[in-house]
Amino acid sequence: MDEVSTPDDGANPQTVSDDGASISGSGLAAERARRMERVDDLRSSGVEPYPYRFDRSDELATIRERHSSIEPGTETDDRVAVAGRVMLARDSGKLIFLTIRDRSDEIQLFVSKAVIGDDGFESVKALDLGDWVGVSGVIMATRKGELSVKVDSCVLLSKAIRPLPDKWHGLSDTDTRFRQRYADLIVNEDARRHFEIRHAIISSFRRTLADEGFIEVETPVLHVEAGGAHARPFVTHHNTLDMQLYLRIALELHLKRLIVGGMERVFEIGRIFRNEGISTRHNPEFTMMELYQAFADWNDVMDITERLITKAAQDAIGTTVLQIRGTSIDLADPWPRVRMIDAASDAVGSEVHPSMPREVLEGIARSNGVSVAPHWAPGKIIEEIFEAHCESSIVRPTFVTGHPVDISPLARVHRDDPYLTERFELFVDSRELANGYSELNDPREQRARFEEEQAAKEAGDAERGTVDEDYLRALEYGMPPTGGLGIGMDRVAMLIAGVDSIREVVLFPTLRPEGGDQ
């Protein structure tokens, strides 16, 4: 076998047209027209450029694993049928070298005119970068040791009409990356890695919860009452029933109905919808995992939060050590717990507690640069002080505990302080990742809390809840002591993948409509 240089040995992988010119935005129409003409030519010659299927013997990663120790200059008798997208191409006269990629890996195709024949060679020569092909042949290695398929047949599986983005620079505009995620995934290895990590995290959560006796369930997306969180809902209308419905803002209230029903340990990983702003931390639709465990309290739930996220990191990236703000943080180390009122008091240099007169708390807040709305209760003022002066300083995973009653309508009153609740939020790198508590299961107290929510909503706080009569009826049947937890899966994926924007871990984030033909 002749010694040859392969694309991996330094060939320029930039997307090029037949005449060698880079495909620019101004040349896109001409390039698309050329490729569509190629489709017409194929069909007129009796070749279908979009066949129905292809019988593949192996994914490319499997082949690499099977031949990890192949010697340079070796040809095997291992015959394979593989498929992938053409990412690189180089014509050396009577030899053509292509690199194809499937979801698992890349491999070189060694195409010799002497093996594939004149017609087959011309068909390969006419391929464009981005085309999908299926090939058959034997596994070999070039003299430089490049694992390859020596091709004896090649079939076009899908003709790409639009040229690929430049491999080196990808889609330079971030908005275009997120809008055209399909193109981003083709050329951006980091993007593919982020979503592999996300998949591994969610799979890890499911395994851990199944091992601990939890049952996965599905609950309604359309709700009669928008409850379980403080958020603005999306509103829709059911025509047949002629009634207003809300896209769910939380999974909580239906899952707790199942605890009433005796299911004891349930969880759901589901899509949530909140009609709020868009930022690096927020998308109007996102993924939550919520679990509820009978006979448990908030301490049990904090423990399982640590187990879930630490195990997910190990499963997804092979380590529990993360780099956060330039510091190595080991998730396996115990996570500190600090009361919200203590953190807020330390930050402003003055004690704050929801039992204090509202005007005193308002004065402390304003003197520390925190604006206060007229309808805010004492606990809400303390929460705003915490958000303004404490969140940004939290780096390592930290449980913030003991939230005031007036901002925690579904949590039990703290057994040692009637002004606080047995509630926590998990913060990492200034971001809230989880929220949990000892669940309120007294139907009369829950009604009073709901009525307070309703009053606050009527006073102008659009994010507050209403009185959910069916949930109250469920509680009257009796809900055992229960610990509940909600984890934002997108933010966990951000943490473990090491990215700063939620759009990097949501395949198709919400964006403003684009204008014009792209």
>> Being surrounded by 16 or more Cβ atoms within 10 Å (Cβ to Cβ), part of a helix (DSSP H, G or I) and not assigned by TED's automatic domain parsing to the domain that holds His199: is that true of Lys380 here?
In response: yes
>> Can you go through Ser204, Ser148 and tell me which one is of a type in the set (Ser, Thr, Tyr) and either closer than 18 Å to Asp500 by Cα or assigned to a strand (DSSP E or B) (or both)?
In response: Ser148
>> I need the full set of residues from region 429-487 which are without any contact (Cβ under 8 Å) to a residue 40 or more places away in the chain and either of a type in the set (D, E, K, R) or not assigned by TED's automatic domain parsing to the domain that holds His282 (or both), in order please.
In response: Asp442, Arg444, Glu445, Arg447, Glu451, Lys457, Glu458, Glu469, Arg473, Glu476
> Within region 63-108, how many residues are of a type in the set (Ser, Thr, Tyr), closer than 20 Å to Ala126 by Cβ and touching an Asp or Glu at 6+ places or on another chain (Cβ under 9 Å)?
Replying inline: 1
>> Of the conditions (1) in contact (Cβ under 8 Å) with a residue 60 or more places away in the chain; (2) in a strand (DSSP E or B), Leu245 satisfies every one except a single condition; which number is it?
In response: (1)
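Residue by residue through region 501-518, note down the ones that are surrounded by 12 or more Cβ atoms within 10 Å (Cβ to Cβ) and of a type outside the set (Ser, Thr, Tyr).
Answer for region 501-518, where residues must be surrounded by 12 or more Cβ atoms within 10 Å (Cβ to Cβ) and of a type outside the set (Ser, Thr, Tyr): Ile502, Arg503, Glu504, Val505, Val506, Leu507, Phe508, Pro509, Leu511.
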> Would you pick out the residues in region 288-311 that are of a type in the set (Ser, Thr, Tyr) and either in a helix (DSSP H, G or I) or at pLDDT below 95 (or both)?
Replying inline: Thr305, Thr310
> What number of residues within region 323-361 are part of a helix (DSSP H, G or I), of a type outside the set (Gly, Ala, Ser) and closer than 14 Å to Ala388 by Cβ?
Replying inline: 4
> Hey, among Val135, Val111, Val124, which residue is free of Cβ contacts under 8 Å to residues at least 60 places away in the same chain, touching a helix residue (DSSP H, G or I) at 6+ places or on another chain (Cβ under 8 Å) and part of a strand (DSSP E or B)?
Replying inline: Val111
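The values are calculated or read from the model by the stated rules, or taken from the named source; none is laboratory data. On a predicted model such as this, the values are computed, not experimentally measured, just so you know. Methodologically, a virtual Cβ is constructed for each residue, glycine included, from the backbone with ideal geometry; neighbour enumeration extends over all protein chains shown.
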